[in-house]
Amino acid sequence: MYLEKISAPSDVKQLNIEERRQLAQEMRDALLKRLSAHGGHFGPNFGMVEATIALHYVFDSPTDKIIFDVSHQSYPHKMLTGRKDAYLYPERYDDVSGYSCPEESEHDFFEIGHTSTSISLACGMAKARDITGGKGNVIAVIGDGSLSGGEALEGLDVAAELNSNFIVVVNDNDMSIAENHGGMYRNLKELRDTNGTAANNIFKAMGLEYVYVGEGNNIDALIAAFESVKDTQKPVAVHIYTQKGKGYQPAEENKENWHWCMPFDVETGESKFHFDGEDYGTLTADYLLKKMEKDPSVLAITSATPTVFGFTKDKREKAGSQFVDVGIAEETAVALASGVAKNGAKPVYGVYSTFLQRTYDQISQDVCINKSAVTFLVYAASVWGMNDVTHLGIYDIPMISNIPNLVYLAPTCKEEYFAMTEWAIEQNKYPVAVRVPSNGVIKSGREFPTDYNTLNKFEITRQGKEVAVIAVGDFYQIGEATVSALAEKGIEATLINPRFISGIDKTLLEELKKEHKIVVTLEDGILSGGFGEKIAGYYGTSEIKVLNYGFKKTFLDRYNADEILKENRITPELITEDCLFLLK
């Protein structure tokens with residue numbers, strides 16, 4: 001077995017043609033075994049095996065610096081840079097993250113989980129090399145899907161003026177997470193169809209030299225191409241055509257579903273996890289499709305993650321022109337939504353909380369200053385969302401709830417979610433974001449108002465005294481349990497559903513002073529700049545004591561949600577303990 005003997009990229013250079021091919025098969029076998037048990041990014045890694053072997057055969061990492069975009073294709077790189085055990089042995093699977101990580105290896109230079117950044121990062125490394133008299137090649141690896149991100153195109157624009165060694169490896173598998181969208185993909189297809197000879201060439205137009213490899217899963221062809229550009233003194237794009245999911249038939253045939261996977265049965269390809277309950281993605285897509293049938297002005301927008309709000313391929317086809325995928329271009333999604341709203345239609349942008357970070361300027365400038373009635377549906381905004389350091393969903397509250405004119409709503413259950421979403425879409429006064437619950441689809445059986453035009457009006461759902469618990473969104477159920485725990489200690493506490501994250505109900509807060517000594521706030525996000533601090537600030541000069549519960553401002557990585565909740569004392573028992581201590 002060759003993979004077991006690979007401790008560093010230099011070991012790859014010792015292999016002959018047949019041994020390199022055998023190594024590729026062993027790497028795929030290891031990937032298949034690990035991913036079937038552990039889950040992770042499947043298709044991108046399977047498609048990049050040969051290219052990664054060729055890169056390390058030709059170049060000399062870490063002197064030659066390879067920067068991977070989004071890291072979805074970095075598993076083979078990790079295998080060849082001293083981390084093979086994390087892919088060979090089940091007890092070592094958690095030794096590495098799913099993304100490039102400098103703490104793991106000198107062959108990784110950045111912690112990267114968001115897309116379209118590698119070219120700009122690599123430009124910076126090349127520039128530093130040039131002005132300090134350094135040596136070595138700088139190679140940016142980027143997928144065709146990531147090219148749709150504005151930063152990738154900005155990076156290409158800058159790269160042309162480096163006038164020194166700079167190599168961009170474009171891994172073109174004719175797919176983003178779902179299908180590609182945008183005019184540039186017509187040119188990539190034209191280049192593929194003409195074996196790289198088409199007169200129109202986006203890379204040459206951007207000022208780069210160009211090399212095409214039609215057999216992007218052929219190690220020998222890749223080695224020849226990389227050797228031809230090694231030590232180049234001009235910026236060059238090496239465009240390789242690969243097969244996403246290569247080597248595993250289900251992934252080859254259904255590229256979208258196999259971009260990322262949960263643990264699965266290797267023989268059948270069936271997931272080992274079967275969820276039969278409702279989910280907000282599917283519910284939302286079905287709800288929006290019904291609205292689209294009645295109202296042609298409703299437009300669903302995604303930035304390359306259509307299934308975040310349930311738009312699988314069949315539902316995208318059903319929506320037709322009322323569904324727009326802008327590619328991996330969140331900024332454009334938000335600005336486009338503002339234009340849609342300003343011209344009389346009803347845009348709904350479904351987005352993961354972690355990717356909302358990429359749109360701050362557009363939300364503030366293009367939407368909120370202009371008071372465009374855009375509806376944002378914010379998913380995985382929670383400690384229960386994605387849990388690695390590059391995909392945290394707990395920073396959206398301080399980020400967007402403090403932007404003027406934006407109304408940020410926090411539903412506590414299924415019924416309230418759809419009531420708020422219906423109002424958001426149909427009203428035309430405000431930009432509105434709805435924080436989609438992440439603690440499962442909970443049905444309350446309650447009726448909720450469909451008019452939220454009276455902003456920042458909180459709702460008392462249980463009247464009590466001494467302690468008031470203000471529980472935001474999907475922490476409302478923790479609030480309910482806390483009030484019950486307090487009742488067991490003889491304290492009949494007040495429970496409040498604030499509904500609005502972006503403002504406070506001063507009238508209600510003032511009323512609480514009459515019979516309450518403690519106000520507790522619960523929010524599924526970081527405390528600094530968050531909802532609870534608004535409440536604490538209001539009571540700053542009063543005798544009311546405020547206990548804010550949320551998360552410390554830190555970059556969590558691969559955490560256990562229950563442990564993080566307990567560490568931050570966000571359990572009914574610990575909150576009750578804190579209240580009793582203050583009431584002594």
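No lab work stands behind these numbers, since they all come straight from the coordinates. Keep in mind that this is a model prediction, so the values were computed, not measured. All Cβ positions, glycine included, derive from the backbone under ideal geometry; neighbour counts span all protein chains shown.
Of everything listed in (1) touching a helix residue (DSSP H, G or I) at 6+ places or on another chain (Cβ under 6 Å); (2) closer than 26 Å to L147 by Cα; (3) assigned to a loop (DSSP other than H, G, I, E, B), the single unmet condition for R358 is (3). Any residue in the stretch 211-222 that is over 20 Å from Y57 (Cβ atoms) and without any contact (Cβ under 8 Å) to a residue 60 or more places away in the chain? No, the stretch 211-222 contains no residue that is over 20 Å from Y57 (Cβ atoms) and without any contact (Cβ under 8 Å) to a residue 60 or more places away in the chain.
Each row is one residue, and each column tells you yes or no for (1) touching a Ser or Thr at 6+ places or on another chain (Cβ under 6 Å); (2) in contact (Cβ under 8 Å) with a residue 60 or more places away in the chain; (3) of a type outside the set (S, T, Y).
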residue	(1), (2), (3)
M1	no, no, yes
Q14	no, no, yes
I17	no, yes, yes
R28	no, yes, yes
H38	no, yes, yes
N45	no, no, yes
T81	yes, yes, no
C101	no, no, yes
F109	no, no, yes
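The one condition from (1) crowded, with 18+ Cβ neighbours inside 10 Å; (2) in contact with a Phe, Trp or Tyr (Cβ under 9 Å, 6 or more places away or on another chain); (3) within 21 Å of Y349 (Cα to Cα) that F448 does not meet is (3).
Once the stretch 459-492 is narrowed to residues that are assigned to a loop (DSSP other than H, G, I, E, B) and crowded, with 18+ Cβ neighbours inside 10 Å, the residue that is nearest to the chain's Cα centre (by Cα) is V472. Using the structure shown, decide if E209 is surrounded by fewer than 17 Cβ atoms within 10 Å (Cβ to Cβ), within 27 Å of F109 (Cα to Cα) and touching a Lys or Arg at 6+ places or on another chain (Cβ under 6 Å). So E209 fits the description; yes. Considering only residues in the stretch 47-96 that are of a type in the set (D, E) and crowded, with 24+ Cβ neighbours inside 10 Å, the one that is farthest from the chain's Cα centre (by Cα) turns out to be E50. Listed by first and then second residue, the pairs with beta-carbon distance under 6 Å, at least 6 apart or on different chains, first residue in the stretch 461-489 and on the phi > 0 side of the Ramachandran plot, second of a type in the set (K, R), are E466/K517; G473/R435. Of all residues assigned to the stretch 281-292, at least one qualifies as being among the hydroxyl-bearing types (S, T, Y) and touching a helix residue (DSSP H, G or I) at 6+ places or on another chain (Cβ under 7 Å). One residue stands out in the stretch 51-79 among those that are touching a Phe, Trp or Tyr at 6+ places or on another chain (Cβ under 8 Å) and without any contact (Cβ under 8 Å) to a residue 40 or more places away in the chain: the one that is nearest to E151 (Cα to Cα), namely S74. If you check L495, L508, L455, L522 for being touching a residue at least 24 places away in the same chain (Cβ under 8 Å) and assigned to a helix (DSSP H, G or I), only one passes: L508. Of the candidates Y395, Y408, the single residue that is among the aromatic types (F, W, Y), more than 25 Å from L299 (Cα to Cα) and either in contact with a Phe, Trp or Tyr (Cβ under 6 Å, 6 or more places away or on another chain) or crowded, with 19+ Cβ neighbours inside 10 Å (or both) is Y395.
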